[in-house]
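What follows is a set of notes on a single structure, which appears directly below.
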Amino acid sequence: MRRMIASDDAASAGIAVSMHRRCTPPTVSLALRRFAWFVLAYNVLVILWGGVVRATGSGAGCGDQWPLCAGAAIPQSPQFHTLVEFTHRLMSGGALIVIAALLIWTWRVTSKGHLARWTAAIALALVLNEAFLGALLVTVAAHSASPATAVYLFSFHLTNTLLLVGTLALTAEFLTNARFRTTIKLRHGSLMFPTLGILATLLVGVSGSLVALGDTMYPSSSLLEAIRQDFSPAAPLLLRLRWIHPASAFLAGVFIAWLLVRSFRSGVSSKTHTLGVAVLWTLIAQYLLGIFDVLGQQPTWLQILHLLGANVFWICLVLLTADYGLVEKSPA
């Protein structure tokens, strides 16, 4: 009889341990979490170097060939513009490698249904699309007679870049924050305004890069001349699109202000409050940098600083939206 009771107790204990293991979110190693944040930082660095390529006019440094550069896998005796563009291509190739490694590592150590699995997979798809769009910019846009072709491809490329950064930020956050390793759901009524804010911010980023590209290709001697170009029917398409950037920045500011008010008033976690403060201050900094950028006639160092601020703001906004909009499901 005692043996039967002991056997039953052991079986019950085994079931309890099994249920505990199933209900307890699996831990993610510190090494993987750090690697995920490194991959995000590395991709931001690739974007900043891309800004250097644009600001220095080195976009055609490798000619109109891809993946070859100046007709060779490794250019011989490269000039300055070739070296800048080739470095960017090497860094972009490195981004593909580290994102693929992140995906493999994440799928090996996380359980089925973990959000980081899906965001890492999406990131790999986006970086492959990034390479495809970059190749089109080099090979197609260079031979197109229509300037609209380059504008469209450049816009798609920049949108893909921002989505890639946002997805990598979510992957790192999902791996780091234990709350996202449990069963979660969308907060009721939390999608419409944050989604509009995200879309408006995407438009701000894309239009801002188009403005910088236009200023690089068609420099003006003064702010007054630049304003005249904006309203001249004879001005190139890139210059006539510059008004979209300040308009979209104002629109995005309205939606982001709504998100900040809601996050501060909702009594959510201290982390959500911290992210809200980060979004607020980076938004203010971006407006100031944008003004200085215009008044200073787009110096290269200020363009890169503005681009860095845009990426930091975008990452904080994406993380704030996720932290506010995703909540744990109540136990059944």
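Read-outs throughout are calculated quantities, based only on the coordinates presented, and are distinct from any laboratory measurement. Only a predicted model underlies this, so the values are computations on that prediction, with no experimental measurement involved. Here the Cβ is made from the backbone with ideal geometry for all residues, glycine too, and neighbour counts use every protein chain on show.
Quick notes on this one:
- With neighbours defined as other Cβ atoms within 10 Å of a residue's Cβ, the residues C69, C62 order from fewest to most as C69, C62.
- Residues W314, W301, W105 arranged by fewest to most Cβ contacts within 10 Å: W301, W105, W314
- Percent of Cα pairs exceeding the 25 Å cut-off, where the set is the range 28-182: 36
- Exposure proxy for E85, E130: other Cβ atoms within 10 Å of each Cβ, ordered fewest to most, give E130, E85.
- Taking θ as phi - 60° and the Karplus parameters 6.51, -1.76 and 1.60, the scalar couplings of the range 302-316 work out to 6, 4, 5, 5, 5, 5, 4, x, 5, 5, 4, 4, 4, 5, 4 Hz in sequence order, x denoting glycine and proline.
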